[in-house]
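Structure, as structure tokens:
Just so it is clear, none of the values below were taken in a lab; they were calculated from the coordinates. Small disclaimer: the values here were computed from a predicted structure and weren't measured. Every residue, glycine as well, gets a Cβ built from its backbone with ideal geometry; the counts of neighbours run over all protein chains shown.
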Amino acid sequence: MRKVVRLSILGAGTVGGGVLTLLRENADLLNAQTGKRFTVRHVLVRDLSKPRAVAIEPKRLTTDPQRAVCDPTVDIVLELMGGLEPARSLIRDALQAGKHVITANKLVMAVSGDELIRLAQQRGVRLLYEASVAGSLPILNALQGALAGNRISRVVGIVNSTTNFILREMERAVEAGEPAETAYAAALSKAQELGYAEADPSSDVEGYDAQYKTAILARLAFLQYVPLESVYREGITHLSGRDLIWAKRLNMGLKLLSISERLPDGRLCARVHPTLIPRECPLYVVRGAFSGVWLQGNGFQEMSFHGFGAGARATASAVVGDLIEIARHPKPPKYEDPSLRPGETAPIETLCMRYYLRLVAPDETVLRALREELILLGAEFHPSETTEQGLEQVALTPPLNEGAFQTTFARLRTQKHGTVQVIRIL
Ligand code: NAP
Ligand code: HSE
């Protein structure tokens, strides 16, 4: 690779801006780490007149994707624009044109990672995507590098910072006796303002962002291609302040978790859903805009990573790390990426776990009807109490098969007048 490495940056929003800042602030450091200088040739944006958080020479700004991607003088394309298209096609074009690519785009990597990884290998270039999962945490590098000699059995993570930030703010509100719903809305706007949230924040709160990240993380941890649709997904929009109050009473934390595990029959099960976790879990302390990943392997036993999972500088840290890696090692490995091997996946219905149920009913008769089903499952009940929503009772079940439990839950939901909230327990 040339002494002066030329870059095209697609996108100058939160992440693109953060990368431009770090490239400037740490130029001498990058030179010392690689023996090279990095220069930005093009910055692709939608709107040339938009004010930018970081100064960009006007002649570098362009709205012409082909100019940014196909310029023969450019060595590395950084795709930091987001969304499936045109981002995926531009990554493809850049790889076809023989350029290395760095992306922070989990959607593209979860949907088309296999095709793009193979294309990069065919073209003899690198495609790196550390920033696509858990912001600044070097988890993908660790799985492919220092931890690669381990058989991983389980990966549990808080991989979406926006939802973790929202849940923390809701928790603070209920502790202060304030409405959690108001805190939810305020925290979501704050997460958008701070650049943590996706352009469409429903991707965060409905669990899609975490689902994309889980497909990538599980593929690299378990060395098996993970189709996105095999990853079970739930978001946080149905959680209420009462669930946070109960989490505290039960001495647990409430988090949106990404969980992937190798089952005894060899299949891989990957899922994203709100989960109650005990205080002893290393992820209990991962709060606010932080992400955390806790994993188990047959050599290192267990390990956790904890740090900023979103935001301009934190994400730029991962992107710039990839840049240094490419400058040092521009040739891709000669063997096929082992994470693209096919393998079997198992649906969530295969698993066995404990459940928290919060029953709410207008009167004792309806509550009793809801309770009866759960008594048969061996659930333990906390005393009922009167809340603004009605009569409330929380039950905790013993470990149950998810498939069988879902049948019971579907029946409970048909009970007129009562409502049932279900949260899985780790
Ligand atoms: P963002 O703030 O919305 O910035 C997107 C940038 O891309 C903007 O500069 C926008 O141009 C440009 N852009 C978008 N579509 C374009 C198009 N069709 N043509 C030309 N330019 C286009 O997004 P972000 O938060 O930086 O996220 C970028 C990517 O990083 C996403 O894949 C996201 O999932 C990922 N990521 C984000 C974070 C985070 O903390 N934000 C962390 C990790 C990964 P204009 O400015 O002119 O509109
Ligand atoms: N919206 C994402 C999050 C950005 O909140 O985690 C980091 O990928």
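What to note about this one:
- Relative contact order %, the stretch 1-41, counting alpha carbon pairs below 8 Å whose residues are six or more apart: 63 percent
- Of Tyr212, Tyr184, the sequence from fewest to most neighbouring Cβ atoms within 10 angstrom is Tyr184, Tyr212.
- The 3J(HN,Hα) values that the Karplus relation (6.51, -1.76, 1.60; θ = phi - 60°) gives for the stretch 301-309 are, in residue order, 6, 8, 7, 9, 10, 8, x, 5, x Hz. Gly and Pro appear as x.
- Order of Ser89, Ser8, Ser339 - criterion: other Cβ atoms within 10 Å of each residue's Cβ, fewest first: Ser89, Ser339, Ser8
- Rounded if a/c under 1.5, otherwise prolate or oblate - the stretch 295-426, Cα gyration tensor axes: prolate
- Restricting the stretch 335-383 to chymotrypsin sites (Phe, Trp or Tyr not before Pro) in coil, as DSSP defines it, with at most 12 other Cβ within 10 Å: Tyr335
- If you take the Cα centroid of the stretch 89-123 and the Cα centroid of the stretch 180-240, the two points sit 23 Å apart.
- Sparse packing (at most 10 other Cβ atoms within 10 Å of the Cβ) combined with a DSSP loop state is found for the following trypsin sites (Lys or Arg not before Pro) in the stretch 30-61: Arg46.
- Antiparallel %, DSSP beta bridges [both residues in the chain], to 5: 65 percent
- Percent RCO, i.e. relative contact order, over the chain, from Cα pairs under 8 Å lying at least 6 residues apart: 17 percent
- Ascending count of other beta-carbon atoms within 10 Å, so fewest first, for Thr73, Thr350: Thr73, Thr350
- Linear extension gain, Val54 paired with Tyr284, 0.36 nm per residue minus alpha-carbon span: 79.2 nm
- Here the simple spin-label model places points 7 Å from the Cα toward Cβ, and for Thr350 and Asp200 these points are separated by 3.0 nm.
- Three-way shape label, the stretch 207-320, alpha-carbon gyration tensor, a/c 1.5: rounded
- Pairwise Lys count, the chain - Cα closer than 18 Å, eight or more residues apart or different chains: 10
- Prolate/oblate/rounded label for the chain (Cα gyration tensor, a/c 1.5): prolate
- For the chain, the longest principal axis of the Cα atoms and the long axis of helix 14-25 meet at an angle of about 50 degrees.
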